[in-house]
Amino acid sequence: MNPQPPNFYEYAEDEGINLKRYISLFVSNWYWFAIALFIAISIAYGINRWSEKVYTVSSTLLIKGNQDAGLSNIFPGSDSYRSQQNLKNEIGILKSFRLNEMVMKRLPEFYIEYTKVGKRGIAETRMYKQCPFIVVYDSLQYQTQGRRVDIRILSEEKYRLEINGNRNFSRELSFGERFREMGFDFVIKLRDREGFRYDPDNSNKYYFVFTNPAALANRYRSKLSVAPIEEDASLVRLSTTGFVPEQEADYLNMLMDVYLEFGLEYKNQTATQTIDFIEDQLGSISDSLRRAESELENFRLYNKLIDISREGSAIQSKLESIDAERTKLLMQKSYYEYLKDYIDSRRETGDIVAPSVMGVTDQLLMNMVNQLSLLQQQKKKLAMNLSESAEPLRLLESNIETVRQAMRENVNDGLMYIERTISETDRRLQEVDREIRKLPSTERQMINIQRKFDLNNTVYTFLLEKRAEAGIAKASNVSDNRIIDNASTYNTSRIKPKEKQNLTMAIFLGLLIPLIGIMLIDYLNNKVIDKKDVERGTKAPVIGYISHNRLKTEIPVIENPGSTIAESFRSVRTSLKYFIKEIKCPVISVSSTITAEGKTFVSANLAAIMAMSGKRVLLIGLDLRKPRIHKIFGINSDGGISNYLIGEESYDDVIIKTETDNLWYTPSGPVPPNPAELIESPKMEEFIKKAKKEFDYIIIDTPPVAIVTDALLVSPLTDFYIFVVRQRYTSKNTLDLIEELHNNENIKSIGIVINDISISGYYGYGLRYGYAFGYGYNYGYNYYGYYGKYGYSDDAKGYYKEES
């Protein structure tokens, strides 16, 4: 009892990713990886070799709170002098346009960007203070900004100038000669005339561009990085990147200097405002004091009055006391009016004079002045980095308005109180005046003059003291921040090009791009590539694999019986025995879905390989519309099966013996007008019955089933259908037709042969054969499996039977 062949789908591979297949796919396309790697590494080399180097430079700055109370110690309640720095706000100030614009105004060397060009015109090197020449100009407003000016040094005395690379404008000039054309006005001089030596071997090509300070400020603040060295630290690291480390270091150092000056200036604003306010008061008092002093001196000289009576002295003392009180009230009134003007004018400088400067002791007013000053200072800082519509600024504005309204009410109340007090003081002065009128005329005049002098002198002395105190407080102010590490070349590192990273990236992309490309092509490919493509399209079994015919013959099994392709047909012959079993003279029809899939080639060689095993085989060319088998065997097709079917030829006349032992051939004959009717005629069945009596195997070459129905007309006479599928040619969509035929009850059995397989070509894995490596053959073969004499080869992906 012959064992049954195993189910072809029992050993089907998982539907997941077939790693072996893809590995074989990548290996077979190694040249794409080689090309991609070569291109990627070449690009990386070019970037590393010719791209301009970029450096990063860093410095360290300590941002801390105010350590000195300053004016707040001199004027109690003036907490507005105390700086309440916020780290994030300070970082924002460092990156603000205003501060960076101030920095650029102090770095005129940045206004011109010098660049050296290599000999080939590819490599460029940015220069700062190393350029052999300098451009001297009067003002930037007379220069065209952003326009390139090319310079080529011709000798130690001459150079050639071109504007924007336009050779139509070329001028040879001497160093030191003024150029005043094309929107420019400058003089080019050698940086070191005595030390400069012209070298013709160098490129001697340069160009420069004038740059706007505002554009420079925006460029540098955009690439400035400011971050604390640790999360809660107030020590921050400032870093920037550029082509010349010395230039970046100059920028960072100037930025820190300007920042410290800006902070100190901001801190001194209130003290400066206080001094200015006192100076205004002193200006008006000093004139009154000089007039009173002169009047007193003249009166004494004219009246020769040295002293006044005891009664006059008592009245004078009372008068001075009331005048001092009234003067103090007037000073306070002046301060309240100052505050009222500050509030009504909606100024937001934040530098409000402290109430204590003018003797105001209202604690509530002191707190409100301090609060308003702090809020306005915070808004001023935030406004350097935020737009007016930002939520933090809107919230601050709301708080400022609330404090401003409260202060307005307080100031109005204070003014009313001071007015009442001044009125009371004036009433008391009137009483003293009545007492003075009782004194002698000369003494009375002396007291009035002395009164004016003492009043102005007291106020003047008080203001002088306050001005001195404010000056001392301003002088004692120091910056709350300090520089820890200046930027220098010692803390510079190169960040571009990263040579190792570029090479690594090139290798990675050189492998990844072809890998993705090959996988994408594989995914989009609609052609049959391997066995799994066939298995996904149809359940019809794959009975064999035919390798690519590299021989110059269409019947390689006859002319090269020991070749690989001949062995592949032996494998198909072996697999067929499982399907035809004990059928006497089985009829095997060979077809395909479309033309050019190799059905005629398979028919001829399969017939030949069966004949070589000692079996009598008849090959029938039933492709009546496009016959080709006669060309393979080199036989005249004047008479053939078509002649027999119409009764023109006898059975014996169309059976032709070939040069191969045991192989006979029936050509197609002339192309008839009605091939389908002829194939379906009783003569066809009669022919097959006669042939079965004489032969062991009958193989029919039929037309493609997707084009005509001729192949299906012989299905009642056929014991087994072989459908040829060509690798990289047959569309996966045509497998649906094979599956439909496989499910057709009128067709007895179907098998698939995959043709034209290239083992070492594209998609090598998945279509290999067990006989392909390490065996000998000369009509004697050994097949090994694990079903006794019947077996399944992992490499072959097919089944076979041991033969002798």
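The values are calculated or read from the model by the stated rules, or taken from the named source; none is laboratory data. Quick caveat: nothing in here was measured; it's all calculated off a predicted structure. Cβ: placed from backbone, ideal geometry, glycine included. Neighbour counts: every protein chain shown. The accessibility values were calculated without ligands, DNA or RNA, using every heavy atom of the protein model including side chains. Shrake-Rupley method; radii C 1.70, N 1.55, O 1.52, S 1.80 Å.
Which percent of the Cα-Cα distances in the range 711-752 go past 16 Å?
35
Given bins 5 angstrom wide, list per bin the percent of all Cα-Cα distances in the range 323-425, short to long.
2, 12, 22, 22, 15, 10, 7, 4, 3, 2, 0
Name the GluC sites (Glu not before Pro) in the range 199-277 that are in a loop by DSSP and that have at most 14 other C-beta atoms within 10 Å, would you?
Glu230, Glu231
Kindly report, to the nearest 10 Å², the accessible surface of Trp50 as traced by a 1.4 Å probe over protein heavy atoms only.
Result for Trp50: roughly 90 Å² accessible.
Please work out the Kirkwood hydrodynamic radius for the range 85-168, using every pair of different C-alpha atoms, and report it in angstroms with one decimal place.
16.1
Report the Stokes-Einstein translational diffusion coefficient (µm² s⁻¹, integer) for the range 669-758, Rh taken as the Kirkwood radius over Cα pairs, at 37 °C with viscosity 0.692 mPa s.
Working: Rh = 14.8 Å.
Diffusion coefficient, whole number: 223 µm²/s.
Please give the direction-averaged projected area of the C-alpha convex hull for the range 576-634, in square nanometres with one decimal. Intermediate values should be presented prior to the final figure.
Details: hull surface 19.1 nm².
Spelled out: convex hull of the Cα atoms, projected over all directions, averaged, 4.8 nm².
Keeping all protein chains in position, work out how much accessible area Leu511 exposes to a 1.4 Å probe, and write it in Å² to the nearest 10.
The value for Leu511 is about 80 Å².
Using the Karplus equation 6.51 cos²θ - 1.76 cosθ + 1.60 (θ = phi - 60°), what ³J(HN,Hα) coupling, rounded to whole Hz, does each residue of the range 527-534 give in order, writing x for Gly and Pro?
Per residue, the Karplus-derived 3J(HN,Hα) values read 9, 6, 10, 9, 4, 5, 4, 5 Hz.
Enumerate by residue number the GluC sites (Glu not before Pro) in the range 689-761 meeting two conditions: DSSP loop (anything except H, G, I, E, B), and at most 10 other Cβ atoms within 10 Å of the site's Cβ.
Working: sites: Glu694, Glu739, Glu740, Glu745; in loops: Glu745.
Here the sparse-neighbourhood loop sites are Glu745.
Compute the length gained on full extension between Ala406 and Glu677: take 0.36 nm times their separation in residues and subtract their Cα-Cα distance, giving the result in nm to one decimal.
On the way: separation 271, 0.36 × 271 = 97.56 nm, distance 11.23 nm.
Contour length minus the Cα-Cα distance gives 86.3 nm.
For the range 562-689, count all C-alpha to C-alpha pairs, find those more than 27 Å apart, and express that count as a whole percent of the total.
Working: 1458 of 8128 pairs.
The share of Cα pairs beyond 27 Å in the range 562-689 comes to 18 percent.
Which of the GluC sites (Glu not before Pro) found in the range 615-667 are in a DSSP loop and have at most 15 neighbouring Cβ atoms, other than their own, within 10 Å?
For GluC sites (Glu not before Pro) across the range 615-667 that sit outside H, G, I, E and B with at most 15 neighbouring Cβ atoms in 10 Å, the list reads Glu648, Glu659.
Mind checking the full-extension length gain between Arg148 and Ser317? Use 0.36 nm per residue of separation minus the Cα-Cα distance, one decimal, nm. Don't skip to the end; give the middle numbers.
Details: separation 169, 0.36 × 169 = 60.84 nm, distance 8.25 nm.
Computed gain between Arg148 and Ser317 is 52.6 nm.
What accessible area per residue, rounded to a whole number of Å², is obtained for the range 492-646 using a probe radius of 1.4 Å? Please report the intermediate quantities before stating the final value.
Numbers: 6540 Å² over 155 residues.
In whole numbers, the range 492-646 has 42 Å² accessible per residue.
Charges only on Cβ, +1 for Lys and Arg, -1 for Asp and Glu: so what's the dipole of the range 478-591 about the Cα centre, in debye to the nearest 20?
Dipole size: approximately 300 debye.
Working out 0.36 nm times the residue gap between Lys500 and Ile580, then minus their Cα-Cα distance, what length gain in nm do you get to one decimal?
Extra length from Lys500 to Ile580 when fully extended: 22.3 nm.
Compute the signed sum of charges (Lys and Arg +1, Asp and Glu -1) over the other residues within less than 14 Å, Cβ to Cβ, of Gln332. Each step should come with its number before you reach the end.
Working: positive: Arg326, Lys328, Lys333, Lys340, Arg420, Lys466; negative: Glu325, Glu337, Asp362, Asp413, Glu419.
Charge balance in the 14 Å sphere: +1.
Leaving ligands, DNA and RNA out of it, work out the accessible area of Ile422 with a 1.4 Å probe and give it in Å² to the nearest 10.
The accessible area of Ile422 comes to roughly 10 Å².
Using only the Cα atoms of the range 77-236, what semi-axes does the equivalent ellipsoid have when each is the square root of 5 times a gyration tensor eigenvalue? Give whole Å, largest first.
Whole-Å semi-axes of the equivalent ellipsoid: 41, 18, 14.
Given the pairs Lys333/Lys379; Lys116/Lys158; Lys581/Lys693; Lys105/Lys379; Lys615/Lys690; Lys539/Lys748, which are separated by over 21 angstrom at their Cα positions?
In this structure, Lys333/Lys379; Lys105/Lys379 lie more than 21 Å apart at Cα.
Averaged across orientations, what area in nm² does the convex hull of the alpha carbons in the range 690-737 project?
Average projection, Cα convex hull of the range 690-737: 4.4 nm².
What Kirkwood hydrodynamic radius do you get for the range 182-227 when you take the inverse of the mean 1/r over all pairs of distinct Cα atoms, in Å?
14.9
Could you sort 132-140, 598-606 so that the peptide with the highest average Cβ count within 10 Å comes first and the rest follow in order?
Highest to lowest by the protection proxy: 598-606, 132-140.
Quick one: give the max-minus-min coordinate of the C-alpha atoms of the range 527-599 along each principal axis, largest first, in Å.
Ordered largest first, the range 527-599 gives principal extents of 37, 34, 21 Å.
Would you mind giving the average projected area, over all directions, of the Cα convex hull of the range 155-238 in nm² with one decimal?
9.8
Order the following by accessible area, largest value first: Arg404, Arg428. Probe radius 1.4 Å; ligands, DNA and RNA are ignored.
On the way: Arg404 0, Arg428 70 Å².
Descending accessible area places them as Arg428, Arg404.
Kirkwood hydrodynamic radius for the range 617-699: how many Å is it when counted over pairs of different Cα atoms? Don't skip to the answer; put the middle values down first.
Working: mean 1/r = 0.0790 Å⁻¹.
Hydrodynamic radius (Kirkwood, Cα only) of the range 617-699 equals 12.7 Å.
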